[in-house]
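Nothing in this text is a laboratory measurement; each read-out follows from the coordinates by a stated rule. Computed from a predicted model, the values in this text were never measured in an experiment. Neighbour counts run over all protein chains shown; Cβ positions are idealised from the backbone, glycine included.
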Amino acid sequence: MLGTFESAPTFRQFLNLRIGDIGFALHTIEIDLESRLPAEYRRFVGSGSRDISLEVCFDASPPLPLSRPLYECKGLWEIHQIGSDIVYVFLVPSTRNEKNLRRSSCIMSVAEDFCSGKIYIAGDGEDLRRLDVFGHPVSEVLTVALLSRDRGVELHAVGLADNGQGELFCGVSGAGKSTTARAWCSEPGVEILSDDRIIVRKQGDDFWIYGTPWHGEAGFASSRSAPVKRLFFLRQGSDNALKRVSTREAVARLMTCCFPTFWDPEGMAFTLSFLEEMANSLPCYELTFVNDRSVVDFVRQL
């Protein structure tokens with residue numbers, strides 16, 4: 001829900017999003033937040049309870065004495081601790097440097113309780129107009145951190161609702177997630193929640209899958225959710241076949257598909273516990289499949 005409230009001489013802009021049933025409340029001065037939101041995120045705009053409030057500051061840099069990072073992600077982003085705050089520094093290739101040197105495009109400072117924070121978007125001129133608000137990886141990194149606070153996990157997976165029943169197909173890069181999404185997408189009664197990244201949370205005794213804005217090659221990104229009863233690990237092959245996977249093996253495979261907070265021992269402990277509970281509660285299979293719609297009938301007949 002986007003609202004504009006006058007407070008001379010500027011306007012304060014508000015934007016609420018829900019991703020994986022986590023509420024993000026963004027606010028800033030003067031700039032229309034929704035117009036700066038990536039297109040795939042706009043279907044996640046909505047009302048509901050707020051889990052974290054974020055002030056967005058444009059063309060500003062916080063006076064942060066950054067030291068050696070707690071964690072680095074392949075030169076894309078870093079995590080620092082400054083006092084009780086967690087600080088994320090996001091890097092992008094410079095568009096004006098022939099050597100493609102990296103610079104900071106965004107800094108996000110989050111309070112220790114993860115209830116509030118600030119996003120500083122740096123740049124000037126064309127750079128500032130080009131940068132998205134709360135796009136990838138800022139939104140995903142923050143969501144993973146919030147999930148690790150006793151909420152759930154994010155997985156590399158295809159999630160779909162087949163006439164209201166959720167099916168979860170996990171796999172690392174190249175396992176066939178986009179292929180699987182395309183095989184199912186034209187089936188009556190099927191909605192693809194995501195072809196690459198799925199959030200899993202627990203409601204009562206049931207596990208639920210949620211779509212995310214962070215889609216893969218097939219481009220599916222839905223804000224909807226569904227209860228899931230079965231979990232498949234994808235493997236491309238010459239025929240359709242199924243093999244039951246033990247709880248121990250399922251946990252190990254889920255770890256290769258999830259987004260753990262390696263820098264946070266408490267978050268890691270929760271993630272491992274959650275994955276073990278998933279593997280104990282859901283039937284887990286290795287699904288070998290061929291690249292055509294026959295896999296749809298194969299799964300539906302189980």
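Summarising the label geometry, the points placed 7 Å from Cα in the beta-carbon direction at Asp205 and Glu277 lie 1.5 nm from one another. Where a ≥ b ≥ c are the square roots of the eigenvalues of the C-alpha gyration tensor, would you call segment 152-300 rounded, which needs a/c under 1.5, or, failing that, prolate if a/b is larger than b/c, or oblate? Here segment 152-300 falls in the prolate category.
Under a 5 Å amide H cut-off, with hydrogens placed 1.01 Å from N, Ile29 pairs with Gln13 among residues at least 5 apart or on other chains. Taking other C-beta atoms within 10 angstrom as a stand-in for reagent exposure, Cys284, Cys185, Cys258 fall in the order Cys185, Cys258, Cys284, fewest first. Estimated purely from DSSP H runs of n ≥ 4, each contributing -39500 (n - 2.57), the mean residue ellipticity at 222 nm for the chain is -5500 deg cm²/dmol once divided by its residues. Exposed loop sites here mean GluC sites (Glu not before Pro) with a DSSP loop assignment and at most 16 other beta-carbon atoms within 10 Å; the chain contains its longest site-free run at 113-216. Starting from the Cα gyration tensor of segment 153-211, take the square roots of the eigenvalues, sort them a ≥ b ≥ c, and report rounded, prolate or oblate (rounded when a/c is under 1.5, otherwise prolate if a/b is larger than b/c, else oblate). It comes out oblate by the Cα gyration axes.
Computed from backbone phi with θ = phi - 60° and the Karplus coefficients 6.51, -1.76 and 1.60, the 3J(HN,Hα) list for segment 173-179 is 4, x, 6, x, 5, 5, 4 Hz; x is used for glycine and proline. Its Cα centre serving as origin, the chain has a Cβ charge dipole (Lys and Arg +1, Asp and Glu -1) of approximately 480 debye. The lysines whose alpha-carbon is closer than 30 Å to the alpha-carbon of Lys118, local same-chain residues fewer than 8 away aside, are Lys74, Lys202. Phi-derived couplings, Karplus 6.51 cos²θ - 1.76 cosθ + 1.60 at θ = phi - 60°, listed residue by residue for segment 34-46: 5, 5, 9, 7, x, 4, 5, 7, 5, 6, 9, 6, x Hz, with x used for Gly and Pro. Here's the picture: charge each Lys and Arg Cβ at +1 and each Asp and Glu Cβ at -1 in the chain, and of Leu26, Val144, Gly189 the one pushed furthest to the positive end of that dipole is Gly189. Under a 5 Å amide H cut-off, with hydrogens placed 1.01 Å from N, Ser116 pairs with Ser53, Ala111 among residues at least 5 apart or on other chains. Taking Cβ atoms as reference points and 11 Å as the exclusive limit, the residues near Gly219 contribute a net charge of -3, counting Lys and Arg as +1 and Asp and Glu as -1.
Quote the FRET efficiency, to the nearest 0.05, computed for Ser246 versus Asp113 with a Förster distance R0 of 35 Å and r equal to the Cβ-Cβ distance. For R0 = 35 Å, the calculated efficiency reads 0.40.
Taking amide H as placed 1.01 Å from N in the peptide plane, Val190 has its amide H under 5 Å from the amide H of Asn163, each at least 5 places away in sequence or on another chain.
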